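Q: If you scroll down you'll find the structure; I have some questions about it.
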Amino acid sequence: GESPTNQTGLLKRHIYFAFDPDRRSVVIGPARLNKPSVAPAALEYGGQTTLETRRRGRIRVRIEPRPYMGPAFEQEQPRLPALWRNSVR
C-alpha cells in the first residue's frame, strides 16, 4: 500500500546510483549505513529487525512491506532514456 513515513530523512538522503561501464548498466538503491540495521530491505520487502528503545531496551519487531524503490523505478522507467541520453560516454 503506502510508502514508508520519512521521519528522519536518513533513508531518502542515502539513495544513490552507480554506472557500471563493463555491463553498461546502472544500479540504484540505498547506501549501507553505519548502524546495524536492515531497515531499507525490511521496508521494501517486509521482515524483522531489532529496535532499541529507551523504555524497553532492544525489542524485535515485524515490519510490513512498504515498497519504495520498486514503485519509484517503475514510475521513472519511461523517462530514463531521455534522462541518461548523452550523459555517459
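Q: Are there any trypsin sites (Lys or Arg not before Pro) in the range 38-79 that are in a DSSP loop and have at most 11 other Cβ atoms within 10 Å? List them by number.
A: Working: sites: R54, R55, R56, R58, R60, R62, R79; in loops: R54, R55, R56.
Filter output for the range 38-79: R54, R55, R56.
Q: Let me ask something else about it. Ranking request for peptides 20-26, 70-76: highest mean number of other beta-carbon atoms within 10 Å first, then the rest in descending order.
A: Most protected by this proxy first, the peptides run 70-76, 20-26.
Q: Continuing with this model, one more query. How much length is gained if the chain between R13 and R85 is pulled fully straight, taking 0.36 nm per residue apart and subtracting their Cα-Cα distance, in nm to one decimal? Intermediate results must be reported in sequence, preceding the final value.
A: Details: separation 72, 0.36 × 72 = 25.92 nm, distance 2.49 nm.
Gain on stretching R13 to R85: 23.4 nm.
Q: If each of I59 and S25 carries a label point 7 Å out from its Cα toward its Cβ, how far apart are those two points in nm?
A: Result: 4.1 nm between the two label points.
Values quoted throughout were computed directly from the atomic coordinates according to the rules given, and no laboratory measurement underlies them. What you are looking at is a predicted structure, and each value in this text was computed from that prediction instead of being measured. Cβ atoms come from the backbone with ideal geometry, glycine included; neighbour counts cover every protein chain shown.
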